[in-house]
Amino acid sequence: MIATHFSHKFFRAAVFSLFWAIIATTACAQTDSLQALQEVVVQAYLHRQPVLQTPASVGIVNAIQLNRRAGASLLPALNQVPGLRMEERSPGSYRLSIRGSLLRSPFGVRNVKVYLGAFPLTDAGGNTYLNLIDPKGIERIEVLKGPDGSLFGANSGGVVLMDLNGTKKASSGFSLGLNGGAYGLFHENATLQIATGKSRFSINQAYQRADGYRENSAMQRHYLQAAERWSYGKNHRLDIVALYADLQYQTPGGLTQEQFDANARQARPASGANPGAVAQKAGVRNRTFFGGISNEVSVAGQLRWVAAVFGAGTHFENPFITNFETRKETNLGLRSFLEWQGKAGVHTNWKWNLGLEGQTGDQAISNYQNNGGAAGDLLAQDALRLHTVFYFTRFSATFGRKWLAEGAVSLNHSRFSYSGGQVEGRKTLDKQWMPRLALSFLPIPNLALRATLGRGYSPPTPAEIRPSNNRINPDLQAESGWNREAGIRLTAWNDRLEADAAVFRYDLTNAIVRRTDAAGAEYFINAGGTQQTGIEAFAALWLIAPRPSGLLRALQLNGSYTYSRFFFRNYQVGTTDYSGNRLTGVPRSVGVGGVLLHFPLELHLFTELNFTARLPLNDANTAYANAYRLLQTKLSWSKLRFKNAGLTFFVGADNLLNETYSLGNDINAFGGRYFNAAVPLNFYGGLIFSQSGTGGPGR
């Protein structure tokens, strides 16, 4: 009762403080005669709209922000988005969470919906192989923080939408990039874009390898991506996407505190009857093909119909300490919607969407004895079939130049069947409504207030129903909850200043939590629930906007802050009550600050500092990972030009403070094997050759 009263007081005080702090900032901001910088827009809600009045907490990572950082990983760029956390257990092994969703993600992405353009990368079971994507294949990322089922179906953490490189550019060109660094890092990528009046075609090829800092942590990825956008009529468009990835990475395994302190580079050693990671050649190999076709037709500028079909095939191998698992996965899906827009009077515009998305997936899972990295005798064999479909409708309207209101709801269906050596059965989860209401108000032209109420819902994935301990758990329940948030956003000085802040309260029930047994195999249970109250803030300021002369040609400051007051509630396992404990794997605060400097001769310097507070490693809160400060910098030079070609050189350094820290912890690990050491001080460098041409405007 006391905790609840305090959280409500904290919520109200935070909203009040954020409101008046940003009002004061806006009152001091005077517009000057500088030419306005490019307006930031949001594309997530099926049409382009200014970010200022978007009634959602949105993080945007554009191509410029991606290029400021090391190009071999999306991690540094994504981690500057408040509320988002990407981790790396070892090269190739990534995890992504939004607002604390890491509880159920031993690797990869769960309870977060991810799209590649118009196509869901998240499969029918709710799993996403984000580590297959080469960073250079992406040119823009939008992050919708908090549950949003209005257009995207089941998710309890948020939505990530990624634009593929080259699909929206109206010019032809070619680029080749080479990047090398410490611990055997090598990354090569090539991009070809061909644009005509009706067609935009791009093909991206990449190869990446690394030896890794730790024993048994090498990785290698071959990647090929092609995309075509064909405007075959004035208001008709066809999009085709295909990609293939062959990813291999070794998994060194978690260390205890004593092992981490003695030698952070070692792989998990043998323990009792279980051999170590090196002896078992522990690792992952994932070969996946993904493709989709989308057709868009517009009529008289008022009615638009989009229909997309997509599918994926995956062959997955995972030699582990105790067994050798193989999975053959196929996934097929359809997404279609109508959009109708119009006006009601002079000052009112409205849009209405109606659509559906459905997927079906099959997984054949086999487990064998692991004989030093080779499959031995069969231990277990199961088949899972999954079906998901959701129907959605959304209505939004703008009233004058000040108000934007939005109401949306999706109806979600999910079922799965299982058969094999253990049990056979079928389970249909209860139908779930995911409503969302949002409102935005502009009291003055460059300041927007917003409020959102939405429900999150996420069913268990196949890897949670049938985890690596080879036991099917059909009783695992979906997690769901209500999210309430308020925010404020401003732009000033002709867009030289951008600021955004939000405060939220999210109450989740039946939260899915990962655990491991004595052999290190994972399994999942439902926690009673979580209470998540937080603040997220971001600001970027051009102190000196880009100019053609002077010693300092541009100076930009940016920063973000995340405060997460997350707790378990009504959570008991056996006789142990974890209610009131901090949410596992979530730091209380994260602050990121960066500075960008432009000098003559096209010399650019970007430096960024990330401070992450300590975080609990188990539900009992008896073990913590230490806080760390991660300092990174990158210097680039782009002066060399030859007609339509150019050459850019860059060098960079990561972990300049040489911190010893764990970037991807194994939470709730048996025996206290929580720690996966990150790379100490290291350097990298490379070059980019680019040649541009011209093309028709396209659509």
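Scan around residue 512 for amide H atoms under 5 Å from its own, H built in the peptide plane at 1.01 Å from N, and keep only partners 5 or more places away or cross-chain.
Correct list: 527.
Taking square-rooted eigenvalues a ≥ b ≥ c of the alpha carbon gyration tensor, is the chain rounded, prolate or oblate, where a/c under 1.5 means rounded and, failing that, a/b exceeding b/c means prolate?
Working: a/c = 1.31, a/b = 1.21, b/c = 1.08.
Here the chain falls in the rounded category.
Roughly speaking, what is the stretch gain from residue 354 to residue 377, that is 0.36 nm per residue apart minus the C-alpha to C-alpha distance, in nm to one decimal?
Details: separation 23, 0.36 × 23 = 8.28 nm, distance 5.10 nm.
Roughly 3.2 nm would be gained on extension.
If we restrict to alpha carbons, what Rg and Dmax does region 270-313 come to, in Å?
Just the Cα atoms of region 270-313 yield Rg and Dmax of 23.9, 72 Å.
For region 458-464, in order, what is each residue's ³J(HN,Hα) by Karplus, 6.51 cos²θ - 1.76 cosθ + 1.60 with θ = phi - 60°, in whole Hz (x at glycine and Pro)?
Those phi angles translate into 8, x, x, 7, x, 5, 9 Hz.
How large is ³J(HN,Hα), in whole Hz, for each residue of region 49-62 in order, when computed from phi with the Karplus curve 6.51 cos²θ - 1.76 cosθ + 1.60 and θ = phi - 60°, using x for Gly and Pro?
For region 49-62, the Karplus-derived couplings read 8, x, 5, 4, 9, 5, x, 7, 7, 10, x, 10, 10, 9 Hz, x marking Gly and Pro.
Report the net charge of residues surrounding residue 662, where surrounding means a beta-carbon distance below 12 angstrom and charges are Lys +1, Arg +1, Asp -1, Glu -1.
Values: positive: 89, 214, 614, 673; negative: 87, 88, 261, 659, 666.
Its environment carries a net charge of -1.
Between rounded, prolate and oblate, where does region 141-202 land on the alpha carbon gyration tensor, with a ≥ b ≥ c its root eigenvalues, rounded for a/c under 1.5, else prolate if a/b exceeds b/c? Could you put the intermediate results ahead of the total?
Values: a/c = 4.66, a/b = 1.30, b/c = 3.57.
Oblate.
Once amide H atoms are built 1.01 Å from N in the peptide plane, which residues 5 or more positions from residue 554, or in another chain, come under 5 Å H to H?
Under 5 Å from the amide H of residue 554: 598.
How far is the Cα center of region 374-446 from the Cα center of region 312-333, in Å?
A separation of 24 Å, based on Cα centres.
Considering the options 294, 210, 259, tell which one lies farthest towards the positive end of the dipole of region 175-329, charges being +1 on Lys and Arg and -1 on Asp and Glu at the Cβ, about the Cα centre.
294
Using amide H atoms built 1.01 Å from N in the peptide plane, name the residues 5+ places from residue 109, or on other chains, whose amide H lies under 5 Å from its own.
Those lying under 5 Å, H to H, from residue 109 are 128, 130.
Take every Cα pair under 8 Å in region 91-203 that's 6+ residues apart, average their separations, divide by the length, and report that relative contact order as a whole percent.
Values: 210 pairs, mean separation 23.1, N = 113.
The value is 20 percent.
Per residue, how large is the accessible surface of the chain? Use a 1.4 angstrom probe and give square angstrom. Each step should come with its number before you reach the end.
Details: 27820 Å² over 699 residues.
Here the per-residue accessible area is 40 Å².
Calculate one ³J(HN,Hα) per residue across region 321-327 by plugging θ = phi - 60° into the Karplus curve 6.51 cos²θ - 1.76 cosθ + 1.60, and present them in order as whole Hz with x for glycine and proline.
Working through the residues one at a time gives 4, 9, 7, 10, 9, 10, 9 Hz.
Give the shape of region 99-234 as rounded, prolate or oblate, defined through the alpha-carbon gyration tensor: a ≥ b ≥ c are the square roots of its eigenvalues, a/c under 1.5 means rounded, and otherwise the shape is prolate if a/b is larger than b/c and oblate if not. Working shown, then result.
Numbers: a/c = 2.69, a/b = 1.07, b/c = 2.52.
Judged from the Cα gyration tensor, region 99-234 comes out oblate (a/c at least 1.5, b/c at or above a/b).
Under 8 Å for C-alpha pairs, at least 6 residues apart: give me the relative contact order for the chain, rounded to a whole percent.
Working: 2040 pairs, mean separation 90.0, N = 699.
Relative contact order, the chain: 13 percent.
What does the charge add up to near residue 262, with Lys and Arg as +1, Asp and Glu as -1, over the other residues with Cβ less than 15 Å from its Cβ?
Numbers: positive: 214, 265, 268, 673; negative: 215, 258, 261.
Combined, the nearby Lys, Arg, Asp and Glu give +1.
Taking all protein chains as present, what is the carbon and sulfur share of the accessible area of the chain, in % to the nearest whole number, probe 1.4 Å? If you can, show how the numbers build up before the last one.
Numbers: 16690 of 27820 Å².
Carbon and sulfur together cover 60 percent of it.
Give me the net charge of residue 222's neighbourhood, meaning all other residues with Cβ under 13 Å from the Cβ of residue 222; Lys, Arg count +1, Asp, Glu -1.
Details: positive: 209, 221, 285, 287; negative: 134, 188, 246.
Combined, the nearby Lys, Arg, Asp and Glu give +1.
Can you give the calculated 222 nm mean residue ellipticity of the chain, where each DSSP H run of n ≥ 4 adds -39,500 (n - 2.57) and the sum is split over every residue, rounded to the nearest 500 deg cm²/dmol?
Helices in the chain give a 222 nm mean residue ellipticity of -2000 deg cm²/dmol.
The values are calculated or read from the model by the stated rules, or taken from the named source; none is laboratory data. From a predicted model like this one, the values you see are computed outputs, not experimental measurements. Methodologically, a virtual Cβ is constructed for each residue, glycine included, from the backbone with ideal geometry; neighbour enumeration extends over all protein chains shown. In case anyone asks, the SASA skips ligands and DNA or RNA and just uses the protein heavy atoms, side chains included. Shrake-Rupley method; radii C 1.70, N 1.55, O 1.52, S 1.80 Å.
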